[in-house]
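Take a look at the structure below.
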Amino acid sequence: MSQNSPRTNVILVAWGFDLTFSPDSIGPLFPRFTAAPDAFWAGLDQSGFVVSNRSSNPSDRLNRILSYAQTGPFKGLNNRILNECGSEIPLYDGLPGLFDRLSSTLEAGPFVDHGIRVEHCVVSSGISTMIAGSRIGPYVTDVLGSEFNEESIDEAPKSAPGQPTTSDPMIDSIRQVVDGRAKTTFLLDLGRRAGTGAGSGNVGFRNMLYVAGSLNSVGAFDALKQRGGHTFAVYDPGNSDHYGWAQQLQLAERVDGIGATRYGADSPTEQRITDTVSQIAWQIMGRCGAATTRTAAPREIPTGAKADRPQSPLVSTGSRRKLLVRPSEHSGTAPDDAISPAFLAACRLFLGKNFELHAAALAKWYSNHIGSLCDWSAFMAELEKSVTADVPGIQRRAAKADNSDAEKLLRFLDDLYRKHKIDQE
């Protein structure tokens, strides 16, 4: 077991909520109080990529809710009701199963042996008590969101379902508004506490991934990326303005990638997030010496096991897929502090969902061979070409996926090694 501080082996994924997990986090309040949503949203400042007219400036939205609670259709609203309504918040496809699938990414032997795990928090302008009560709530360790203060009420309550009892308080003021600056401050505080043993966020910037889709998340994207963190912007695929915002962030290199708010095992967005979590895990192992230890015993590649996964990129279909790594990673020599993310990305693209089963064997191959390559960049260029294009002689059979795929990959790596090794005649 690594002697690192337990928190240095934690990968923290910080998520937005509105426009990341849900198109409309306060929608459940309207049926609860039989209120008209159109009247509520009238006149509020709206973002540049409105989704069904359900986005607004956070302060304006909170003040409207408070006004409705004190004198209007939300009369008697309190934090208990907000929490209950959270369970009715609509979520995008693939949620909340995303969290279990991400956790399973780190169930491979090497990650378990070194105590590497993933934790989640939400950083949102939405109402924290509603987020905590949502179906996302059980999966997160912390929620930063906007909040209301409460004060007890004296008048007799209404008897209609959902209305407060005589002992229930009601919201009477805004305690906290989470805007873009608050998001940035919170995420920077999580990263700065790395190594101090203080607080739940003690992980460090390079172990952090921030995924969000709201306009006021841009400052947090910039701050985290500048400090070595990982960033990913999501967008509603049905809203061209929202997509344009995300695309501009990517073109300006303010985020590492973008994807639609569609999650699931076969979702490109979820696959990219999963790849990033796996990459961070390998980097953690490299920093504690696990990934480059030549004497580490690899896990055997099982025989006869089968997995259900999308079609291989090497099947001859005429299509091409892009590797999710930056070309700047390819220098003349191989990285010596951890397994190269480019190498891992290529292997994952070939093996698909079987990748984690063979991660240790690939780590062993890497540590035993990579140091004696004469041209790392040429080796990686040929490896990437083999998994992103139809190359005669190395296409994988279009039959059911099994462990012969891993054996084929290792044989191909051996062939590349013999071609590019230092002692080549």
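The values are calculated or read from the model by the stated rules, or taken from the named source; none is laboratory data. Bear in mind that the values here come from a model prediction, so they are computed numbers and not experimental data. Every residue, glycine as well, gets a Cβ built from its backbone with ideal geometry; the counts of neighbours run over all protein chains shown.
Here are some notes:
- Restricting attention to the range 235-265, the residues that are part of a loop (DSSP other than H, G, I, E, B), under 15 Å from the mean Cα position of the chain (by Cα) and either surrounded by 21 or more Cβ atoms within 10 Å (Cβ to Cβ) or among the acidic types (Asp, Glu) (or both) total 4.
- Across the range 1-23, the number of residues qualifying as of a type in the set (D, E, K, R) and at pLDDT below 90 comes to 1.
- Residue in the range 45-59 that is in contact with a Phe, Trp or Tyr (Cβ under 8 Å, 6 or more places away or on another chain) and at pLDDT 85 or above present: no
- Unmet requirement for Asp172, which otherwise passes all of (1) over 18 Å from Leu19 (Cβ atoms); (2) at pLDDT 95 or above: (2)
- Total residues in the range 100-127, condition more than 18 Å from the chain's Cα centre (by Cα) and without any contact (Cβ under 8 Å) to a residue 40 or more places away in the chain: 1
- Of the residues making up the range 130-142, those that are surrounded by fewer than 22 Cβ atoms within 10 Å (Cβ to Cβ) and not in a loop (DSSP other than H, G, I, E, B) are Ala132, Gly137, Pro138, Tyr139, Asp142.
- Scanning the range 390-401 for any residue that is within 29 Å of the chain's Cα centre (by Cα) and either at pLDDT 55 or above or surrounded by fewer than 18 Cβ atoms within 10 Å (Cβ to Cβ) (or both) turns up nothing.
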